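A.B. asks: Before we start, here is the structure in question, set down as structure tokens.
The values are calculated or read from the model by the stated rules, or taken from the named source; none is laboratory data. The structure displayed is predicted, hence computed values, not measured ones. Using ideal geometry, Cβ is built from the backbone for each residue, glycine included, and neighbour counts are taken over all protein chains shown.
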Amino acid sequence: MMSKTRRRRIKAWLATKHREAFAPHVPGESFYRHRAPVRWTHWINALCIIFLVGSGLNIFNAHPHLYWGKYGAETEPTFFSLTDIETSKGTRGDTQIGPWHFDTTNVLGWSKVDGQYQERGWPDWITIPSFQDLSAARHWHFLFAWILVINGAVYLTYSLCSRHLARDIWPGWRDVKAIPRSILDHLRLKHPTGEAARRYNVLQKLAYLSVIILVFLMVLTGLTMSPGIDAAFPWLTGIFGGRQSARSIHFISAALIVLFVIIHVTEVVLAGPINEIRSMLSGFYRIPKGHK
Amino acid sequence: MADMKLLTRRAAIAAGFGGAGFLLAGADRLTLSPGFAHVFLAVEDWTMATQRGLLYPDKLAKEYSPSDISPVFRANGTLDPDTLEYAAHIRQGFANWRLRIDGLVNQPLALSVRELKMLPSRTQITRHDCVEGWSAIGMWAGVPLGLLLKAAGLKPGARYAVFHCADNLDGEPSKGGMQSPGQYYESIDLRDAFHPQTLMAYALNGKKLDVAHGAPLRLRVERQLGYKQAKYVDRIEITDRLSHIAGGRGGYWEDRGYEWYAGI
């Protein structure tokens, strides 16, 4: 149990953070932080991720099991499963991760759709479309997969040619040395001010770099699941250890991207959502003054 | 002034969350709208064109080694056509089963399974990928379809091979609710029909095809998903178009929204 003083302290801290985040801005120095191609591709990418994750979970529901290796069809051992099981307490939702089982009734494996319980991996409020429909989910998935690939190609071409990747994202030696310091800053939720706010900090650089690599991995593992693409490029299944491994890596990478999005949005809210969101819309970022 | 700003900021954040909810509700609506279906169809054509380009002229599906074969090859869809006629065929060991090849051909054929087994055959160990996500590896043996089509001789205008099956499928809950029942059928174009790995298969893993896997004959069109691998085939109709058959989209699942070219 949390003590009363502790709870009060947390509440006070949250209030401060909230004030800091939403405090009216004192007109200050601002600079052009994000150029148009980065801004456009950012928002298109955000839309793609919403639709790809939502439709991907609907597709996953058609066969809510993951395997390693070249094949897997329920007769093989799964390392992740969302199913419904019969127990003495009736039907329950069961989430299996390796040797562990969790009762996830109402959310994973067994949840209500229109007031009726259904065998359903992911619940209706998180999938696209909300109702279970593999063919429709595949249509959404491939539509946004194409947009993601084209958008990603534009972003990468721009970022390589304009040296955005090399200058702003690729961590240098100085960044690497600053990792412990940056970890401490993040733990204290201290955001850079003044000159330091003109650059991404090292953890930010590493996070953005990882997400670029993850999206690339998503596309490759996605293609590896295609029997047509596998015939055109037979080495694809080889690099991931088989089609079912590729399917699992596709799912794990998606989970990591969702984790990135959660941290990313949290950081935006903590660092001052208006300034941050505005900078990704108009390009201009106000340099926060140091709080004394 | 400061208060005003505070309000707009809160409104902006609320709009962000509200927008996300709106987007998801909107996606449901668009999914069901006939107009938006054209967008999906355009994407499907684009995907097919890309795959066809990458597979040019006729790259082979990866073939595996015997040690890769799945211990259990999962059977899906119809597991037994369960009609009186089919039950009779099982009792007779499919001795009276005929594969008819007709439509736009010079010489319509009706071949028994025994006759098919006397023709040159091909054996291949390939991976079967279900649209749901699972995979199984098995060794198929059968007659290359191209051989049969050459024997029948195609008339000008022939574009598709349509596979008529003996099973009536009610659909599966896993593929998005119970589907309307219908006679199973599938179709491929001539480029896939003449691909060297496209077979009328009569054996799986060295044994006669069993009922669950489509006895006595099924299509193997490697490089495409499981629902294209029609089972219980008793007729191949060569046509110039698909619009006159059942729902007009070229297959049981295609008529229920799935892609005709199932390369992904």
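A.B. asks: Restricting to segment B:68-79, name every residue that is more than 14 Å from B:ARG218 (Cβ to Cβ) and touching a helix residue (DSSP H, G or I) at 6+ places or on another chain (Cβ under 9 Å).
C.D. replies: none
A.B. asks: Could you say which residue among A:SER111, A:SER130 is away from chain B (no Cβ under 12 Å) and either under 24 Å from the mean Cα position of the chain (by Cα) or assigned to a strand (DSSP E or B) (or both)?
C.D. replies: Result of the check over A:SER111, A:SER130: A:SER111.
A.B. asks: Being touching a Phe, Trp or Tyr at 6+ places or on another chain (Cβ under 7 Å), of a type outside the set (A, V, I, L, M, F, W, C), assigned to a helix (DSSP H, G or I) and in contact (Cβ under 8 Å) with a residue 12 or more places away in the chain is the requirement here; does A:SER253 meet it?
C.D. replies: Here the answer is no, as A:SER253 does not meet what is asked.
A.B. asks: Something else about it: Condition test on A:SER282, is it modelled with pLDDT of 90 or more and among the polar types (S, T, N, Q)? Full working, then the answer.
C.D. replies: Details: modelled with pLDDT of 90 or more: no; among the polar types (S, T, N, Q): yes.
It is false that A:SER282 is modelled with pLDDT of 90 or more and among the polar types (S, T, N, Q).
A.B. asks: Next question. Is there a residue being surrounded by fewer than 18 Cβ atoms within 10 Å (Cβ to Cβ) and either assigned to a loop (DSSP other than H, G, I, E, B) or touching a residue at least 12 places away in the same chain (Cβ under 8 Å) (or both) anywhere in segment B:127-143?
C.D. replies: Checking segment B:127-143: not a single residue is surrounded by fewer than 18 Cβ atoms within 10 Å (Cβ to Cβ) and either assigned to a loop (DSSP other than H, G, I, E, B) or touching a residue at least 12 places away in the same chain (Cβ under 8 Å) (or both).
A.B. asks: Something else: State the number of residues belonging to segment A:268-292 that are in contact (Cβ under 8 Å) with a residue 24 or more places away in the chain and either surrounded by 15 or more Cβ atoms within 10 Å (Cβ to Cβ) or under 20 Å from B:ALA20 (Cα atoms) (or both).
C.D. replies: 15
A.B. asks: Which ones in segment A:67-90 are aliphatic (A, V, I, L, M) and more than 9 Å from every other protein chain (Cβ to nearest Cβ)?
C.D. replies: Residues satisfying the conditions are A:LEU82, A:ILE85.
A.B. asks: If you don't mind, another one. B:ARG223 passes all but one of (1) within 14 Å of chain A (Cβ to nearest Cβ); (2) assigned to a loop (DSSP other than H, G, I, E, B); (3) more than 17 Å from B:TRP140 (Cα to Cα); which number fails?
C.D. replies: Every condition holds for B:ARG223 apart from (3).
A.B. asks: Among the residues that make up segment A:115-125, is at least one of them among the basic types (Lys, Arg), crowded, with 21+ Cβ neighbours inside 10 Å and within 19 Å of A:ASP84 (Cβ to Cβ)?
C.D. replies: yes
A.B. asks: Quick one: which residue in A:ILE213, A:ILE169, A:ILE179 is touching a Phe, Trp or Tyr at 6+ places or on another chain (Cβ under 6 Å) and hydrophobic (A, V, I, L, M, F, W, C)?
C.D. replies: Testing whether each residue is touching a Phe, Trp or Tyr at 6+ places or on another chain (Cβ under 6 Å) and hydrophobic (A, V, I, L, M, F, W, C) leaves just A:ILE169.
A.B. asks: Continuing with this model, one more query. Do we find a residue being at pLDDT 80 or above, more than 9 Å from chain A (Cβ to nearest Cβ), outside any helix (DSSP H, G or I) and on the phi < 0 side of the Ramachandran plot anywhere in segment B:19-41?
C.D. replies: yes
A.B. asks: Anything in segment B:88-104 that is under 22 Å from the mean Cα position of the chain (by Cα) and surrounded by 20 or more Cβ atoms within 10 Å (Cβ to Cβ)? List them, or say none.
C.D. replies: Passing the criteria: B:LEU99, B:ILE101.
A.B. asks: Which one of the conditions (1) buried (at least 21 other Cβ atoms within 10 Å of the Cβ); (2) away from chain B (no Cβ under 14 Å); (3) part of a helix (DSSP H, G or I) does A:GLY93 fail to meet, given that it meets all the rest?
C.D. replies: (3) is the only condition that A:GLY93 fails.
A.B. asks: Among what's in segment B:49-87 and is assigned to a helix (DSSP H, G or I), within 13 Å of another protein chain (Cβ to nearest Cβ) and of a type in the set (A, V, I, L, M), pick the residue that is surrounded by the most Cβ atoms within 10 Å (Cβ to Cβ).
C.D. replies: B:LEU55
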